[in-house]
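Colleague: Encoded as structure tokens, here's the structure I'll be asking about.
The values are calculated or read from the model by the stated rules, or taken from the named source; none is laboratory data. Computed from a predicted model, the values in this text were never measured in an experiment. Cβ sites come from the backbone with ideal geometry, for glycine too, and all protein chains shown count toward neighbours. The protein model used for the area step is the full one, side chains on, heavy atoms only, and it has no ligands, DNA or RNA in it. Shrake-Rupley method; radii C 1.70, N 1.55, O 1.52, S 1.80 Å.
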Amino acid sequence: MTDAPAVADPTADLLADDVSEQKAVRLVKRERLLAERVDTAGGAYPVSVPVTDTIAALRERYADLEAGAETGVTASVAGRIVFSRNTGKLCFASLQSGDGARIQAMVSLAEVGEESLQAWKELVDLGDHVSVTGQVISSRRGELSIMVSSWAIASKALLPLPNLHSELSEETRVRSRFLDLIVRDQARETVIARSKVNASLRRTFEGHGFLEVETPMLQVQHGGAAARPFVTRSNAFDADLYLRIAPELFLKRAVVGGIDRVFEINRNFRNEGADSTHSPEFAMLEAYEAYSDYHGIADLTQELIQNAAIAVAGSTTVTWADGTAFDLGGQWDRISMYESLSAAASRAIGGAAPLRITPETSLADLQALAAEVGVEVPEKVATHGKYVEELWEHFVKGGLERPTFVMDFPLDTSPLVREHRTIPGVVEKWDLYVRGFELATGYSELVDPVIQRERFVEQAKLAARGDDEAMRVDEEFLRALEHGMPPTGGMGMGIDRLLMAITGLGIRETILFPLVK
């Protein structure tokens, strides 16, 4: 049986025809603007227009202006027209600035004259950027307005805006973020929130004496995390290079060099899947503090996140996009990975005796438990630690709503982490979970170059078995460690995911221009 032929969407065709017709009409208006300009050095659009005040500043200054009042103050503002209504002798338009603030422009026959009023009616469209000059007043209905005495088109919109009263689809929002920013308050607020978060992170680090640095994005060898890299080619060096998956190994070099407190906020690239919490390109924060450990870096991480929440929301209780209040305040729980897995598996499976999963639990027992509950681990990465982590995600992860540090991970899945000081078979590592997703990770860093080489060799064996995410032996990094690295606590946190925790949005909404197919 063959598939039926696709049926064209007549509505889509009509919309496309309408847009094409509107563009043709607007192009004619652009030609008229060009023809009527005396100075054509800037084409149809002026190089600059008069602006004395922002729309937001006027709204704040005259917030209490009574309906029908006049200020006697002349101002020039500019913005995009998002609403327009033309009548016989008076035209109304709403001008919107980039921050979403709006003011009404009133273009009247009495103020601008017949020729200028007619030109407004004939040339100005929704979406155009215009500059208006006139007295600041309040209309009879109490709307803050500019009674226009002169105006100019700053930029002609050749394509129409989307319907401001209809919700844009998620696909349209991420593919055409410029439209999303024009029509949707939440989009602008998310950009503002992200800027406030980054500024807050930097302030907190500065308060603790950290230095911000930048490390290479093009690397001769990928490392610092278990992930599949993007590969590119350098013509100048005649060599393959990797887009970095993490800045860790270079930031640790900085610690070896004496920069005891160092951080970086920058882009990482991982050639993996994309979903509601993952993006191939994402912003990452990593920080390292000499003479600290995974407990100290957990305290710092909590402070960083809580300060960021306060910067956005005014308190540690944030309000998500759906209206839900979420509390990031207080002291966050710290639970053991092995103990929480044992307890959750016991509750789920039951039985005469509670399950006890420890670093000594055999691979065969873990495989049997995984088979019983339907957890699959590929043969090429089938280690004790991988089974423990996959089983933990199955039994425990989904129940973590409040911010929680999950402590003490299996040794064989954490090649860059120091062994636990008192518990054999685990390392001093935590993952921070918020709303059921991993937000950050922290270590007591492995600083012994002999043990680090052994760990790299074990990773290389996994790579030889087909594990694309395994690390390679990094001789340059090992050489740095051999010069002596102090005891250090380190952490990494996704900036996009931090925004998810604060705003309640998915990752494609928190990234300004996400990669889409």
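Colleague: Give me a count of the residues in the stretch 269-284 that are surrounded by 19 or more Cβ atoms within 10 Å (Cβ to Cβ) and either farther than 18 Å from F513 by Cα or out of contact with any helix residue (DSSP H, G or I) (no Cβ under 8 Å at 6 or more places or on another chain) (or both).
Modeller: Here the count works out to 2.
Colleague: For the stretch 476-517, which residues satisfy the criterion of being assigned to a strand (DSSP E or B) and either open to solvent by 40 Å² or more (accessible area, probe 1.4 Å) or hydrophobic (A, V, I, L, M, F, W, C) (or both)?
Modeller: M491, M493
Colleague: Could you figure out which of (1) modelled with pLDDT of 95 or more; (2) within 29 Å of R453 (Cα to Cα) isn't true of A199?
Modeller: Exception for A199: condition (2).
Colleague: I need the full set of residues from the stretch 437-451 which are open to solvent by 20 Å² or more (accessible area, probe 1.4 Å) and closer than 30 Å to A501 by Cβ, in order please.
Modeller: The answer is E438, T441, Y443.
Colleague: Taking interchain pairs and intrachain pairs at least six residues apart, which have beta carbon atoms under 9 angstrom, with the first residue in the stretch 494-510 and on the phi > 0 side of the Ramachandran plot and the second β-branched (V, I, T) and open to solvent by 10 Å² or more (accessible area, probe 1.4 Å)?
Modeller: G504/T319; G504/T324
Colleague: Open to solvent by less than 10 Å² (accessible area, probe 1.4 Å), within 30 Å of E303 (Cβ to Cβ), free of Cβ contacts under 8 Å to residues at least 24 places away in the same chain and of a type outside the set (G, A, S), is that true of V406?
Modeller: The answer is no for V406.
Colleague: Then there is this: Say we look at the stretch 175-228 and pick out the residues that are touching a Phe, Trp or Tyr at 6+ places or on another chain (Cβ under 8 Å) and β-branched (V, I, T); which of these is nearest to E469 (Cα to Cα)?
Modeller: Here the residue is V220.
Colleague: Let me ask you something else. Quick check on the stretch 201-219: of everything there that is in contact (Cβ under 8 Å) with a residue 12 or more places away in the chain and over 21 Å from D496 (Cα atoms), which residue is surrounded by the fewest Cβ atoms within 10 Å (Cβ to Cβ)?
Modeller: The extreme case among them is G209.
Colleague: Turning to a different aspect of this structure: Residues of the stretch 226-268 being aliphatic (A, V, I, L, M), open to solvent by less than 60 Å² (accessible area, probe 1.4 Å) and within 27 Å of F205 (Cβ to Cβ), which ones?
Modeller: Within the stretch 226-268, A227, L243, I245, A246, L249, L251, A254, V255, V256, I259, V262, I265 qualify.
Colleague: Find the residue count for the stretch 149-168, including only residues that are charged (D, E, K, R) and over 29 Å from the mean Cα position of the chain (by Cα).
Modeller: Number of matching residues: 1.
Colleague: Now a separate question. Quick one: T74 ticks every box in (1) open to solvent by 80 Å² or more (accessible area, probe 1.4 Å); (2) under 31 Å from the mean Cα position of the chain (by Cα) bar one, so which box is it?
Modeller: Failing condition for T74: (2).
Colleague: I'd like to verify a number: residues in the stretch 118-148 that are more than 40 Å from the chain's Cα centre (by Cα), without any contact (Cβ under 8 Å) to a residue 40 or more places away in the chain and open to solvent by 10 Å² or more (accessible area, probe 1.4 Å), how many?
Modeller: Number of matching residues: 3.
Colleague: Being without any contact (Cβ under 8 Å) to a residue 12 or more places away in the chain and either of a type in the set (D, E, K, R) or surrounded by 13 or more Cβ atoms within 10 Å (Cβ to Cβ) (or both) is the filter here, so list the residues in the stretch 452-475 that pass it.
Modeller: E454, K461, A463, E475
Colleague: Every residue in the stretch 93-103 that is closer than 27 Å to L34 by Cα and open to solvent by 20 Å² or more (accessible area, probe 1.4 Å), please.
Modeller: Answer for the stretch 93-103, where residues must be closer than 27 Å to L34 by Cα and open to solvent by 20 Å² or more (accessible area, probe 1.4 Å): S94, S97, G98.
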